[in-house]
Amino acid sequence: MQTGLDFSNVQNITFLGPRGSYTDMACDYFMNKYEIGAYPMVQKTIQQVFEFLNDNEDSLAVLPVENAIEGTVTETLDKLITMKNPNIRILSEVTMPVELCLLARTTEIYSISGGVIAPVHVQAKCQKFILNELPLRIETIDASTTEEAANSLRNYNLTYASIGSKKTADICSLNVLKENIGDDKSNTTRFALIGDIESEYVKGMYSSLAFSTENKPGALFDALQVFRNNKINLTYITSRPSKIKYGEYIFYVTFDGLTNKLQMLKAVEELKPKTSFLRFLGSYERFKTDSV
């Protein structure tokens, strides 16, 4: 268990739904890893996740941060940076493979000749499989979520299938006819565990912060020089419009491998006078799973 994290008083852990989503599975991962005995609560939107977390001090949240194909989940970063409670921070991260599966009530993949039910964006991720491994001109039917698609199979005969995760199959009592049918077999998503809990910095942990600079020549360069001068390796940097003033941006950075907390605090103190906004977003361990 990570040093300095105490989840004993956590009552709820909320996550972006639907049930059976990869965020749901990331929630399972964190609960098992840290032995979190909290009640999982699904939310329909990222906004609702943050509202719940802001209103319930004894809660945690799990949200997607970045997908290997689609990039940064900008809403997660935007909401995290602007949270009313500045003590709500990233506590841990995990990168998980996105392995979409063909699900059905039957056990024979050769029976699937009627249609495939899935959200349009999920169908798009499995085009090669649908076109090359299922019958020609098979019907494709849209659904709002993978859970809805799976549940709707009860309204069709056994020649219809849906696309979803292994957990969707478990929740909806379906069979997994074929695993990892997505076009990109290396697709992954990074998820964050977020909450208002103190964590102790230990060597090798990652840290993240967000800052803005004045809109003038050299301002961003001066800020980034702080990391270079302190021999801090930036592993990630992105920018987001501040949504306060046109042309003003907030920069989100992640760095790794600091030897001690004092080194990190020294860099943050040096960065403060070079920024117009600065918010520390947490120090945390990162993990990677090979399967879900």
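Yes/no matrix, rows are residues, columns are (1) without any contact (Cβ under 8 Å) to a residue 40 or more places away in the chain; (2) touching a strand residue (DSSP E or B) at 6+ places or on another chain (Cβ under 9 Å):
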position: N187; (1), (2): no, yes
position: D222; (1), (2): no, no
position: Q225; (1), (2): yes, no
position: N229; (1), (2): no, no
position: N233; (1), (2): yes, yes
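Restricting attention to the range 176-205, the residues that are farther than 26 Å from P40 by Cα and assigned to a strand (DSSP E or B) total 2.
Being more than 24 Å from the chain's Cα centre (by Cα), within 25 Å of D290 (Cβ to Cβ) and not aromatic (F, W, Y) holds for only one residue in K185, K178, K166, and it is K178. Residues that are farther than 16 Å from N9 by Cα and touching a Cys at 6+ places or on another chain (Cβ under 7 Å) within the range 37-96 comprise just one, V62. For beta carbons closer than 9 Å, sequence separation of 6+ or different chains, a first residue in the range 33-47 that is at negative phi and among the small types (G, A, S) and a second that is in a helix (DSSP H, G or I) and crowded, with 18+ Cβ neighbours inside 10 Å, the qualifying pairs are G37/M31; A38/M31.
Of the strands (runs of 3 or more DSSP E) lying entirely inside the range 59-163, those carrying at least 1 residues that are closer than 30 Å to A210 by Cα are 59-67, 89-97. A Cβ distance below 8 Å, combined with a sequence gap of six or more or placement on separate chains, defines the contacts here; from the range 60-75, residues that are under 18 Å from T235 (Cα atoms) reach residues that are buried (at least 16 other Cβ atoms within 10 Å of the Cβ) and among the acidic types (D, E) in the pairs V65/E93; T72/E66; V73/E66.
Each reported figure results from applying straightforward, stated rules to the coordinates on display, with no laboratory input. The structure presented is a predicted model; accordingly, all values stated were derived computationally and were not measured. Here the Cβ is made from the backbone with ideal geometry for all residues, glycine too, and neighbour counts use every protein chain on show.
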